[in-house]
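Q: Dumping the structure here so I can ask a few things about it.
The values are calculated or read from the model by the stated rules, or taken from the named source; none is laboratory data. For clarity, every value in this text was computed on a predicted model and none was experimentally measured. Neighbour counts are summed over all protein chains in view; Cβ atoms, including those assigned to glycine, are modelled from backbone coordinates with ideal geometry.
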Amino acid sequence: MLAIEVIKEVRGILNDRLLPYRWADDDLLGYLGAAQSRIVERRPDAAMSATGAVNLAPATPESTASTLVLGREWLIALTDAVAGRAFMMDAEHAESVARAKMHIDQFNAAIT
């Protein structure tokens, strides 16, 4: 799965589809890298390749064209994690805080 697939889903949730973007790709990629690491930390099986090798230290994606170590089955969890972090950074409004909590809670539920 490519990083852009997650970023597109997140931009839809954030209502951030038009240039100039409110949330920079670099910020969203950083949140994505942290989420990917958290999943692998909790669920090492998530990063197992077809050969049985496990990447326990996935790197933060360098660009939206980067390939993630996690498969498409983690798209929803990654989307929730990245959207939650983005809403946390916009925590000046009570609605953003509530949405951040909802997405982070959904992410945590998906990785347990």
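Q: Please give the number of the condition A65 fails out of (1) of a type in the set (A, V, I, L, M, F, W, C); (2) touching a residue at least 24 places away in the same chain (Cβ under 8 Å); (3) surrounded by 14 or more Cβ atoms within 10 Å (Cβ to Cβ).
A: (3)
Q: Can you spot a residue in region 69-79 that is surrounded by 11 or more Cβ atoms within 10 Å (Cβ to Cβ), over 18 Å from K8 (Cβ atoms) and hydroxyl-bearing (S, T, Y)?
A: no
Q: Could you check region 55-69 and list, in sequence order, the residues that are under 11 Å from the mean Cα position of the chain (by Cα) and either of a type in the set (A, V, I, L, M, F, W, C) or not in a loop (DSSP other than H, G, I, E, B) (or both)? Working first, answer last.
A: From region 55-69, those under 11 Å from the mean Cα position of the chain (by Cα) are 60-61, 68; that's our starting set.
Correct list: L68 only.
Q: Can you find, within region 33-57, the residue that is surrounded by the most Cβ atoms within 10 Å (Cβ to Cβ) among those that are touching a helix residue (DSSP H, G or I) at 6+ places or on another chain (Cβ under 7 Å) and at pLDDT below 90?
A: A47
Q: How do the pairs read when you match residues in region 1-21 that are farther than 12 Å from L78 by Cβ with residues anywhere that are outside any helix (DSSP H, G or I) and of a type in the set (K, R), using Cβ under 7 Å and keeping only pairs 6 or more apart or on different chains?
A: As it stands, the answer is R11/R17; D16/R22, since those pairs meet every condition given.
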